[in-house]
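Trainee: Sharing a structure, written as structure tokens. Questions coming.
The values are calculated or read from the model by the stated rules, or taken from the named source; none is laboratory data. No experiment lies behind these values; they were computed from the predicted model shown. We place every Cβ from the backbone using ideal geometry, glycine too, and count neighbours over all the protein chains shown. Calculation scope for accessible area: heavy atoms of the full protein, side chains included, ligands and nucleic acids excluded. Shrake-Rupley method; radii C 1.70, N 1.55, O 1.52, S 1.80 Å.
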Amino acid sequence: MSDTDKLYGAMGIGKEVLAYGNAVLEGLLDRFAQIDRTAEYNQLKVLRAMQENQVSEACLLGTTGYGYNDLGRDTLEKVYAGVFHTQDALVRPQITCGTHALALALMSNLRPGDELLSPVGKPYDTLEEVIGIRPSRGSLAEYGITYRQVDLLPDGSFDYEAIRRGINERTRLAAIQRSKGYQTRPTLSVERIGELIAFIKGIKPDVICMVDNCYGEFVETREPSDVGADMVVGSLIKNPGGGLAPIGGYIAGTKECVENAAYRLTSPGLGKEVGASLGILSNFYQGFFLAPVVTAGALKGAVFAANIYEKLGFDVAPDGSEDRYDIIQAVTFGTPQAVTAFCQGIQAAAPVDSHVVPEPWDMPGYDAQVIMAAGAFVSGSSIELSADGPLKPPYAVYFQGGLTWQHAKFGILKSLEALLRKGIVSEEEIANAMEKCRKTKK
């Protein structure tokens, strides 16, 4: 037994689970090499944007008060625009989370009498109140903005005929959610997003196409803005923050869309000119610089998790061999006890609050209890090792993150140990799954 294996044992990973994990890993080396190639390309893309925009030491200092003439803030927004190949970008600590960034993009670019279209089915749970699907104070519905939804077809493809029928003279903005959210439908590739945007604009060219890019940044070598998106929107405590950004969100897109968002974020007449960076720009810059490699580690963790649990007979989305378009891995367990055990295993693997035992709770913005495991350096950061899921059928858990691949691996093994100790998975099932790995290798 190697020193590393002994340390795994000392940290609660049994010999059977460790051997199974290593057997699964042997079949993933080619996949991991491709992930590293994507990370290399994206690393160069970010570095090039920083060099072209002459990022200097002065850019890391930040401002207070009004934030007038904030060199670092303004340069960072040029870097984001360069990486996403857009006319402009808004990257601010005043954007509190991904939901806030999306609400900001929607509310600033829609007007009373407009209609919002979702051509990819139900949006993420927290957007239901933003839109007014579930009544909430200040929703788009309260401002006379209507909503129309076109569900995906059973095989996960776009219902183009229904989308065609859904677009009308009031359709102003199409919101395309790249990742699956709390669903088990496929995540959308950049290529598929481009096809959908081209179809929508072929019917009504002035429709603004906004892509919720959360969990998808740097997973591919292209972003939705490379295939026609007018806005890409995301959170800095997910992929692009690289685990270092303590707060923040971004909107990258056309000059008009970004300016509208800036005027909504601050005030008409002020826009991007105000908004102090408060001494956290170095975290934003360094996090964005590291983001391609950090995302690659999280992506390896997702692939590993899919293969671990698929071979044990659980439904996983994406499956163990599919191409990846975000860092989220869904595993359907079918029981609330299994979802809870998985999350408790992930929590026990954390560097922060590993001693805490998560339980389901009534989380704001959701229609069912949610359990969340996130022993993170930044509260709620889902580029760090984390898992969560609503306690409702089909009782699926959503795993993401890991600032390093090695930590993601440990977390997944720890989750399996938790399931084993609670009798949800048996030693015999693990042995049978390991036998499948051996046969596949032969």
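Trainee: What number of residues within segment 46-93 satisfy the criterion of being in a helix (DSSP H, G or I) and open to solvent by 20 Å² or more (accessible area, probe 1.4 Å)?
Mentor: Of the residues in that region, 12 qualify.
Trainee: If you don't mind, there's one more thing I want to ask. Answer yes or no: is there a residue in segment 434-442 that is open to solvent by less than 20 Å² (accessible area, probe 1.4 Å) and within 14 Å of Gly21 (Cα to Cα).
Mentor: Taking every residue of segment 434-442 in turn, at least one turns out to be open to solvent by less than 20 Å² (accessible area, probe 1.4 Å) and within 14 Å of Gly21 (Cα to Cα).
Trainee: Another question about this same structure. Between Ala302, Ala317, which is closer than 29 Å to Tyr182 by Cβ and buried (at least 24 other Cβ atoms within 10 Å of the Cβ)?
Mentor: Ala302
Trainee: A follow-up question, please. If you scan segment 41-61, which residues turn out to be in contact (Cβ under 8 Å) with a residue 12 or more places away in the chain and either closer than 30 Å to Ser321 by Cβ or acidic (Asp, Glu) (or both)?
Mentor: Result: Tyr41, Asn42, Gln43, Lys45, Val46, Glu52.
Trainee: In segment 126-133, is there at least one residue being under 22 Å from Pro268 (Cα atoms), open to solvent by 50 Å² or more (accessible area, probe 1.4 Å), outside any loop (DSSP other than H, G, I, E, B) and acidic (Asp, Glu)?
Mentor: Within segment 126-133, not a single residue is under 22 Å from Pro268 (Cα atoms), open to solvent by 50 Å² or more (accessible area, probe 1.4 Å), outside any loop (DSSP other than H, G, I, E, B) and acidic (Asp, Glu).
Trainee: Taking only segment 200-213 into account, find how many residues are farther than 21 Å from Glu169 by Cα and either in a helix (DSSP H, G or I) or open to solvent by 10 Å² or more (accessible area, probe 1.4 Å) (or both).
Mentor: Here the count works out to 1.
Trainee: Of these, Ala276, Ala373, Ala368, Ala349, which one is more than 26 Å from Asn42 (Cα to Cα), buried (at least 23 other Cβ atoms within 10 Å of the Cβ) and in contact with a Pro (Cβ under 9 Å, 6 or more places away or on another chain)?
Mentor: Ala373
Trainee: Among (1) open to solvent by less than 20 Å² (accessible area, probe 1.4 Å); (2) farther than 20 Å from Gln329 by Cα, where does Gly411 come up short?
Mentor: (2)
Trainee: Any chance segment 186-199 includes a residue that's at pLDDT 95 or above, part of a strand (DSSP E or B), charged (D, E, K, R) and open to solvent by 10 Å² or more (accessible area, probe 1.4 Å)?
Mentor: no
Trainee: What is the one condition in (1) more than 19 Å from Phe84 (Cα to Cα); (2) in contact (Cβ under 8 Å) with a residue 24 or more places away in the chain that Lys272 does not satisfy?
Mentor: (1)
Trainee: Pairs only if they're at least six apart or on different chains, beta carbon under 6 angstrom, first in segment 1-29 and among the aromatic types (Phe, Trp, Tyr) and assigned to a helix (DSSP H, G or I), second at pLDDT 95 or above and open to solvent by less than 40 Å² (accessible area, probe 1.4 Å); list them, first residue then second.
Mentor: Sorted first by the residue in segment 1-29, then by its partner, the pairs are Tyr8/Leu18; Tyr20/Ile430.
Trainee: Quick one: Ala19 ticks every box in (1) crowded, with 17+ Cβ neighbours inside 10 Å; (2) under 30 Å from Gly320 (Cβ atoms); (3) more than 26 Å from the chain's Cα centre (by Cα); (4) among the hydrophobic types (A, V, I, L, M, F, W, C) except a single one, so which number is it?
Mentor: Checking Ala19 against (1) crowded, with 17+ Cβ neighbours inside 10 Å; (2) under 30 Å from Gly320 (Cβ atoms); (3) more than 26 Å from the chain's Cα centre (by Cα); (4) among the hydrophobic types (A, V, I, L, M, F, W, C), the one that fails is (1).
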